[in-house]
Structures are given as C-alpha cells and as structure tokens.
C-alpha cells in the first residue's frame, strides 16, 4: 500500500515538474520572439488549470501577430483572477478601469480587483489604487496612505522600477503630499546607482527634469531640466521612441524637451527682469521696452558670454551667446560630464543651436583692446540711449 502511494506521489510530482518545464519553455520561446511556439505550449497548460499559463496567454496576446486575440486572452485573465492569481487580478482591474477587451468601464470593480491583488503584495495593485484615488472618490485616505507606504517599502529595497514610481508619486502627490524635493531625491538615487540599467536611468532623468521644472524659479533651473532631457534623449539612455510619421522615430523625451523649451521662452523675460545679473541685456528690450528702460535706469551687472570681440571707432562690439542658443553651451557641458553621449536625432535635438546676437557699448579704446582675448566680459552699465529697439550702453569695468 505504501509503495502504491509513493508511486502515485512520484507520478504527480513528475507531472507537475513536466508542466513547469513546458511553461518555462513557453516563456523562453516568447522572450526569443517565437510567439506561436509559446502559445502552443501555454494553451494546453491553461486548459488544464495552470493559472500561470493563463496569465502567460495574456502576455502573449500583447505581441504582434499573436495567435490569440486580446479579448480571448482577457477571459483567461479573468479565470486566473477568480482562481486567486495576483497579477491577473491586477490585469482584470485594469480592464474594468479602462473598459477594455469586452469589459465594461467600472471603477468600483477595478478597485475591487486591485485590492485583491494588493492584498497579496502585488505592488502594481497598490499603484493602481493610488491612480484610482486620483480618478475617483472611491478610495479612502487611509487606504491611499497604506498603498503609498507599501510602494515606498519596495523602493527602499533598491528596486529601480519602484524607486522611479515613488518619485513620480511624490511629484504628483499620489497617496501623499506633493513633494518635488523628495521626488528629486529618489530620481537622483537611480541616476547615481551604477547598477541601474539604461531603461531605469532614462525614466529617472525624465522624472528629475520634471521635478526641477515643477519648482523652477530661474532660467538656470529650466536649463538644468533641459540638459537632463537631452541626456535622456541620447542613444545611451533613450528607451522609449515615438513615431514622427513617414517611418521616422524620435526619443519620447523630446516631447517633454519641447514643452520645457516653451516654458523657458515664456518665463525668460520675467526671470530676466527679476535677476540682478543678466546674460543677454539686449534681449530684455524685446520683452518689454518700458520695463527694460526702468531696469537699466539703475546700474546693473551684465555678464556676457563672449563669442567674438571687435573694436570699431572706440566702441566695443561683442557678439554674445543668447539664451536662445543655450543648446550650444549644453553641448560643452554634456561633453564634459557625459563624454560618451551621442544623438541619432541630432538634427532635431540641436536644431537652431548656433544663433547669436550682438551687444555694443561705448568703452575706452585701451580697455576694449585688453578685452579682445577674454572669454567673458563683466561690466557695470547704465542706460545711455536707445536706437529703435537696440540698446546702447556706456560701459566700464566693474
């Protein structure tokens, strides 16, 4: 009798091991892009009641040319969820959240299934609870706090995915008070960790840029945010690309880049008038003539990043780099801090980077000659007269 029971036990163990081997083989086929082979191995296992195989069918359905529709795969997810599979419960919750693959849009049902997933420690379930907390009034505050804490605990283990998500939650105020400074800290941790892969660092660079932009109170802040987006857009880090039509692609972070540039342009004038030191005094006259006159009625420090210097008839003519072509300066900064960075989309990223403007002031000839070889000029200036929209300054060394 004992021998018979042992034989039955060993047979069951061998069958379970065989099932596991087939499922692992199916997963390897899927990783190698052999979608049909993966499906043929997973389907019989799912039909035999293997919840992991049911969940794998949902993953297979997301691949191009999958031999199963997403609607059919969603029904397998529903069955696996009912059998207690946490990832499938989270997936089913998302089907109800967005009204996909034959399921009605129902936030209450979505929350219910995500709660089941979260109760089993599924971190994506906790994250979706935070998302639903922003989208609906169905989630009580203490539950939001508990889900936020669950995500923070996973992030503290060094999981880069959840370190980035925690940063985003702090930035958006999901489950906690909005705290861009804390968001910056988490994104920076990912960037500073050598073992973090390029995909994780891409997300962190974009997130850190957004966190800096959210609290920017100077052009330097915005330009720092733009630098980070340039790094994210490089060949070394870009892990998300968007079609530009006609078969073209660009790094997805360039959308954030253009939005941040627009913000910089919108705030350039306001910041310029607020700051005692300005890098492009003539540009302020393009912003608001009356404010510029009032601004330069008092003595101001003017720091010019010089491109060329010429002396003509006792006047010092300086061709300067303007805030509009900060990208050229960014090239130098990034080449020094990240010497390996390259950009396939260089025509997009660096477009318009060579624009310069001229600034002139009246200066003693001998002083002007001394400055011709200088890379930077710092002068004390007072408004002298205006010619149309072009300012003329009387300059002297500070």
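Please treat every number below as a calculation from the coordinates, not as lab data. Everything numeric in this text was worked out from a predicted model, so none of it was measured. Cβ atoms come from the backbone with ideal geometry, glycine included; neighbour counts cover every protein chain shown.
Points worth noting:
- Counting every other Cβ atom within 10 Å of each residue's Cβ, 194, 142, 301 order from fewest to most as 194, 142, 301.
- Förster-model FRET efficiency, 56 Å R0, residue 274 and residue 142, C-beta, rounded to 0.05: 0.85
- Residue 71 versus residue 134: modelled label distance in nm, points set 7 Å from Cα along the beta carbon direction: 3.2
- Cβ-to-Cβ counts within 10 Å put 252, 123, 69 in ascending order as 69, 252, 123, the fewest first.
- Length released on extending from residue 149 to residue 98, taking residue separation times 0.36 nm less the Cα-Cα span: 15.8 nm
- The residues 258, 291, when put in order of fewest to most other Cβ atoms within 10 Å, stand as 258, 291.
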